[in-house]
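J.: Input: one structure, supplied below.
Throughout, read-outs are computed from the coordinates displayed, never taken from laboratory work. Quantities reported herein were computed from a predicted structural model and do not represent experimental measurements. Because the Cβ atoms are built from the backbone with ideal geometry, glycine has one as well, and the counts that use them run over all protein chains shown.
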Amino acid sequence: MKHTIVALVEDRPGVLNRVSSLFRRRGFNIESIAVGHSETPGFSRMTMMVDGDTTDVDQVTKQLYKLIDVLKVSDITREDIVARELALIKVRATAATRSEIIQIVDIFRANIVDVAPDSLIIEVTGDEDKLDSLVRLLKGFGIKELARTGRIAMSRGQAGVLIPEERPTPSAPPPRGRKLPQSREVTP
Amino acid sequence: MKLSGANILCQSLLKEGVEVIFGFPGGVVLPFYDALPQYPQLRHILVRHEQGAAHAADGYARVTGKVGVCLATSGPGAANLVTGIANAYMDSVPLLAITGQVARPFIGKDAFQETDITGITLPITKQNYLVLRAQDIAQVVKEAFHIALTGRPGPVLLDIPRDVFLEEAEFNYPEKINLPGYKPTYQGHPTQIKKAAKLINEAQRPVILAGHGIILSGAYDELKELAEKAQIPVVFTLLGLSSFPGQHYLSLGMLGMHGLAYANLAVCEADLLIAIGMRFDDRVTGRVADFAPKAQIIHMDIDPAEIGKNVRVQVPIVGDIKHILKDLNPQIERRVRREWLRQVDQWRHEHPSLAIRETDQVLPQYVVKSIHQVTGGNATIVTGVGQHQMWAAQHYIYDKPNSLVSSGGLGTMGFELPAAIGAQVGLPGETVWAICGDGGFQMTLQELATVVQENLPVKLAIMNNGYLGMVRQWQELFYNRRYVATPLAGPDFVKIAEAYGIPGRRVTSKAQVIPAIQEAQSHPGPMLIDFQIEPEENVFPMVPMGAALHEQLQGQPQKVKK
Ligand SMILES: Cc1ncc(C[n+]2csc(CCOP(=O)(O)OP(=O)(O)O)c2C)c(N)n1
Ligand SMILES: [Mg+2]
């Protein structure tokens, strides 16, 4: 089964690298990852699609949570969510095929965002199935270029992957049991 | 007052109570080295290879519980730290690695000695930073120490460009840190602890599986209380050794691939396994499907990601081991457990895994046992990786808390000498014995110069079998005794020691073993003993790769030779 995992991360250099490095190193199979700003400056939200049949999703969330820059991770697959993906499709269009393409675009509630003498760019949002079927239908006309964002998702209503409430970082570690040498006066 | 980045770094290290830096200089860290003499409280120990700096900092951290600090220049210096950082990461050792980087305008230009060390160490550090402004150094150092030492400890790397060392900024050491994504759990969940207590109170054949986490959290007394109160035998992971007195009647020694027969049998027959501060490494479990087949498992660890990673457990408890055991122990009922302990004793009797056969030759097991005898168990033992490591784990009885320093997770040959240096620096006035492989010792023996320069009284026991012994053992058992690339035409270790100014002794018969150890022990400075041990001695018991713990080979004292 495909799982949708949402993570809230600190916007620091290399954070995307850390996440993708983790997936590679642990052999997690990731199908898509989408990142962008969140509602709070300094934090980004990531949506990842993971194949639960080949990857231990529980480990994915736990290992992600271990990254210092990751504040919150949730597997929202079983929640009531809104999930969307955006695609841009550049499709070959001649005078003869153009109107047929426009009809298909209308049925899918997609938009034509660029018109050139021999091609059109179509913008479509929806779930993966909708995008897949549109792509399939347009294949016959000749797809010249295709770009998909991967899924972004959000829980409906109250629930959400939000910044946890302020809990102060404990400033002193708990007492460690190894033998500690006598602390000395520090006079820099 | 404005200070240079180099001064800010030194001041920040002092604020964190740093006393020692193991380092090696180079072009981009020159501004740091130039500032260093202003801080005589920061002792710098010059190693002979950066790998040695990382392992020494690792050994220092393990024996003191403090963050070990190592430092290297950019490019090759930083790259040479990598093995040591990976080693610390695998064994949850708090380490701060500081590397110089090329000046900011040169980053990304393939400048001389530029290497992307933050990229390289991404998967082997708990966190790393490229510090791009002198004004950030203090904050980053504060965070680095906090991250390295708290939760599940681990290495943190700071990469500092040359011009950031020179840039001036205000120095105010921060009081607070703000890491919203980092909140380790210390207190175990009360409901889980209650469930665990119930299982323990109902168990007939419980076994405690003691790991490194007990030492890291200093839960010696709590573990002892639990074991004694409920009369539960204790088996150990390699790094769990010395978390509970080895002489104790409940102690069964190490389990796993080279675990003692009765330790492994106890785990196989247990109806409850209480796994404390350990992570079910494959060397511990053998074939996972058949691990502890009759047992329910309670797993306590501070790292939630370890729960359920390798083994399915019934009662997970996430938290600091000391905290968890403190909460658990009052709920444990006192028990007398005659039947189970009698069974365990019977296994001890039937499978004397620690018996050493009679011979005039120098047997490694006897050497280890003699080191224990001569030091009265008061030494800190540091090992390399291979057969000698396993003999050191089996035949030395670890009574003293936290008295074994060994490379567990990564299994890094060459760890022994530099780690012993770090341990000795952390334990001045105490006895440190490094039990070395003749192969591994040759990977880092240049650090003998560091031993001499710093006048460290470490005792070095080379277990000289003339082989990469552990690999040879596998070749003997599983590759028809084809010894490919494992015989070592060794150097004369006594002469090597003497060339560095360290007295060396050679031991070729059993009768010489104890006198040599006694001489080294009473010698005020460092000493090396070249123990010419039986070349084809094997480590037994042994659970072959992919086998289950109960399928262990007990070994043949008399080997069939071709
Ligand atoms: C850096 C490194 N390279 C290779 C290995 C694989 N390896 C494990 S044990 C071993 C043999 C070690 O030989 P030695 O140090 O002489 O110890 P012995 O087993 O003979 O006691 C080797 C090559 C390793 N653990 N570490
Ligand atoms: Mg050897």
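J.: In percent, what relative contact order does the range A:104-147 have, based on Cα pairs under 8 Å that are 6 or more apart in sequence?
T.: Numbers: 28 pairs, mean separation 11.1, N = 44.
Relative contact order here is 25 percent.
J.: In what order do B:Tyr89, B:Tyr398, B:Tyr366, B:Tyr173 fall by count of nearby beta-carbon atoms within 10 Å, going from fewest to most?
T.: Details: B:Tyr89 20, B:Tyr398 26, B:Tyr366 23, B:Tyr173 15.
Fewest to most other Cβ atoms nearby, the residues stand as B:Tyr173, B:Tyr89, B:Tyr366, B:Tyr398.
J.: What average count of beta carbons from other chains do you get within 10 Å of the Cβ of residues in A:57-69?
T.: Mean inter-chain Cβ contacts per residue within 10 Å come to 4.
J.: Decide, for the range B:190-350, between rounded, prolate and oblate: order the square roots of the alpha carbon gyration tensor eigenvalues as a ≥ b ≥ c, take rounded if a/c falls under 1.5, and otherwise choose prolate if a/b is larger than b/c, else oblate.
T.: Numbers: a/c = 1.33, a/b = 1.12, b/c = 1.19.
Cα axes put the range B:190-350 in the rounded bin.
J.: Would you work out the relative contact order for chain B, in percent, from Cα pairs under 8 angstrom that are 6 or more residues apart?
T.: Relative CO of chain B lands at 14 percent.
J.: Another question, then. List the trypsin sites (Lys or Arg not before Pro) within the range B:266-309 that fall in a DSSP loop (any state other than H, G, I, E or B) and whose Cβ has at most 13 other Cβ atoms within 10 Å.
T.: Taking the range B:266-309 and a limit of 13 other Cβ atoms within 10 Å, the loop trypsin sites (Lys or Arg not before Pro) found are B:Lys294.
J.: By how many nm would the segment from B:Gln521 to B:Ala111 lengthen if fully extended, with 0.36 nm per residue of separation less the alpha-carbon distance? Don't jump to the answer; show the numbers that get you there.
T.: Numbers: separation 410, 0.36 × 410 = 147.60 nm, distance 5.00 nm.
Here the segment from B:Gln521 to B:Ala111 would lengthen by 142.6 nm.
J.: Across chain A, where is the longest run that never hits GluC sites (Glu not before Pro) in a DSSP loop with at most 10 other C-beta atoms within 10 Å?
T.: A:40-164
J.: Which of the trypsin sites (Lys or Arg not before Pro) found in the range B:477-538 are loop residues per DSSP with 11 or fewer other Cβ atoms within 10 Å of their Cβ?
T.: Details: sites: B:Arg481, B:Arg482, B:Lys495, B:Arg505, B:Arg506, B:Lys510; in loops: B:Arg481, B:Arg482.
Those satisfying the criteria are B:Arg482.
J.: Still on this structure, I have one more. Check each of the GluC sites (Glu not before Pro) in the range B:331-411 and keep only those in coil by DSSP with at most 12 other C-beta atoms within 10 angstrom; list them in order.
T.: Passing sites in the range B:331-411 are B:Glu333, B:Glu358.
J.: Tell me, rounded to the nearest percent, the portion of alpha carbon pairs in the range B:2-170 spaced more than 20 Å apart.
T.: Working: 6066 of 14196 pairs.
So the portion of pairs separated by more than 20 Å is 43 percent.
J.: If each residue's Cβ is checked for other Cβ atoms within 10 Å, how do B:Lys322, A:Lys139, B:Lys229 rank with the fewest at the top?
T.: A:Lys139, B:Lys229, B:Lys322
J.: Along the Cα→Cβ direction, 7 angstrom out, place labels at B:Glu534 and B:Gln187. What is the inter-label distance in nm?
T.: 5.6 nm
J.: Subtract the Cα-Cα distance of B:Leu30 and B:Arg335 from 0.36 nm times their separation in residues, and report this length gain in nm to one decimal. Write down the numbers at each step before the final one.
T.: Numbers: separation 305, 0.36 × 305 = 109.80 nm, distance 6.30 nm.
So the chain would gain 103.5 nm between B:Leu30 and B:Arg335.
J.: Can you give the FRET efficiency to the nearest 0.05 for A:Asn17 and B:Asn201, using r as the Cβ-Cβ distance and R₀ = 41 Å? List each step's numbers first, then the result.
T.: Details: r = 48 Å, r/R0 = 1.18.
Rounded to the nearest 0.05, the efficiency is 0.25.
J.: Calculated FRET efficiency, B:Arg43 and B:Ala489, Cβ-Cβ r, R0 56 Å, to nearest 0.05?
T.: Rounded to the nearest 0.05, the efficiency is 0.90.
J.: If I take every Cα pair under 8 Å that is 6 or more residues apart in chain A, average their sequence separation and divide by the length, what percent do I get for the relative contact order?
T.: 25 percent
J.: Against the longest principal axis of chain A, how steep is helix A:128-139, in degrees 0 to 90 to the nearest 10, with axes from Cα atoms?
T.: Value to nearest ten degrees: 40.
J.: If you put +1 on each Lys and Arg Cβ and -1 on each Asp and Glu Cβ, how big is the dipole of chain B around its Cα centre, in Debye rounded to 20?
T.: About 1160 debye.
J.: Which value at 222 nm does the protein assembly as shown reach when only helices count, each DSSP H run of 4 or more adding -39,500 (n - 2.57), with the total divided by all residues and rounded to the nearest 500 deg cm²/dmol?
T.: Estimated from H runs of four or more residues: -9500 deg cm²/dmol.
J.: Take the Cα radius of gyration of chain B and divide it by 2.2 N^0.38 Å, with N its residue count; two decimals is plenty.
T.: 0.99
J.: Please list, ordered by chain and number, the residues whose modelled amide H lies under 5 Å from the amide H of B:Leu272; skip anything fewer than 5 residues away on the same chain.
T.: Sorted by chain and number, the residues that satisfy this are B:Arg205, B:Val207, B:Gln296.
J.: Among B:Val385, B:Val164, rank each residue by its count of other Cβ atoms within 10 Å, from fewest to most, as a rough exposure measure.
T.: Going from least to most buried by this count: B:Val385, B:Val164.
J.: Same structure again: Between B:Glu228 and B:Glu551, what length in nm is gained on full extension when 0.36 nm per residue of separation is reduced by their alpha carbon distance?
T.: Value of the extension gain: 113.3 nm.
J.: Moving on. With N set to the residue count of the range B:255-339, report its C-alpha Rg divided by 2.2 N^0.38 Å to two decimal places.
T.: Working: Rg = 13.5 Å, N = 85, 2.2 N^0.38 = 11.9 Å.
Rounded to two decimals, the normalised Rg is 1.13.
J.: Follow-up question, since we're still on this one. How big is the protein assembly as shown in terms of Cα radius of gyration and Dmax, in angstroms?
T.: So, for the protein assembly as shown, Rg and Dmax equal 29.1, 100 Å respectively.
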